[in-house]
């Protein structure tokens with residue numbers, strides 16, 4: 001990889017990081033306006049991706065870190081989170097830091113636990129509780145503080161989310 005020409009890189013399950021000056025050892029993208037322009041360009045390109053065989057859209061959404069994350073550690077988050085369309089996922093190689101050829105790579109093997117890069121807004125979830133909840137809205141980030149409160153453990157001040165009961 002030629003880091004002197006790399007403006008962004010992907011790791012894991014749909015996270016895209018910018019090669020930021022001041023954060024990355026060989027960063028080339030300046031924080032601020034240049035970083036925003038790179039994010040906007042990548043978002044537009046990702047949203048335009050279509051499967052060459054089926055012509056289906058591959059990406060349902062691309063989220064900027066500030067739109068989905070909060071708290072003092074947001075600087076550690078990927079600048080972009082890709083929400084893949086139903087039927088698409090990252091490749092096995094991608095989760096291990098590789099890059100298979102082509103835009104769409106067949107990945108039909110069943111994954112145990114199926115960690116994936118689906119669009120979180122379209123991924124259904126159900127919360128079942130025998131206790132009354134303090135709010136009508138529950139979020140996954142509320143689970144950790146709820147468990148801590150349940151076990152009577154002090155909830156750190158910098159934790160995201162709120163106890164559900």
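The values are calculated or read from the model by the stated rules, or taken from the named source; none is laboratory data. Computed from a prediction, not measured in an experiment: that's the story for all the values here. All Cβ positions, even for glycine, are placed from backbone atoms using ideal geometry, and neighbour counts span all protein chains on display.
Could you please find all residues in segment 47-69 being more than 13 Å from the chain's Cα centre (by Cα) and surrounded by fewer than 18 Cβ atoms within 10 Å (Cβ to Cβ)? Even if it seems obvious, please write down each step before you answer.
Taking segment 47-69 first, the residues more than 13 Å from the chain's Cα centre (by Cα) are 47-58.
Correct list: 47, 48, 49, 50, 51, 52, 53, 54, 55, 56, 57.
Taking the options 16, 58, 28, 68, name whichever one is in contact (Cβ under 8 Å) with a residue 12 or more places away in the chain, assigned by TED's automatic domain parsing to the domain that holds residue 96 and farther than 25 Å from residue 119 by Cβ. Before the answer, list the steps.
Values: 16 fails: farther than 25 Å from residue 119 by Cβ; 58 fails: farther than 25 Å from residue 119 by Cβ; 68 fails: farther than 25 Å from residue 119 by Cβ.
Being in contact (Cβ under 8 Å) with a residue 12 or more places away in the chain, assigned by TED's automatic domain parsing to the domain that holds residue 96 and farther than 25 Å from residue 119 by Cβ holds for just one of 16, 58, 28, 68, which is 28.
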Note on segment 74-92: residues surrounded by fewer than 13 Cβ atoms within 10 Å (Cβ to Cβ) and in contact (Cβ under 8 Å) with a residue 12 or more places away in the chain are 75, 86, 87
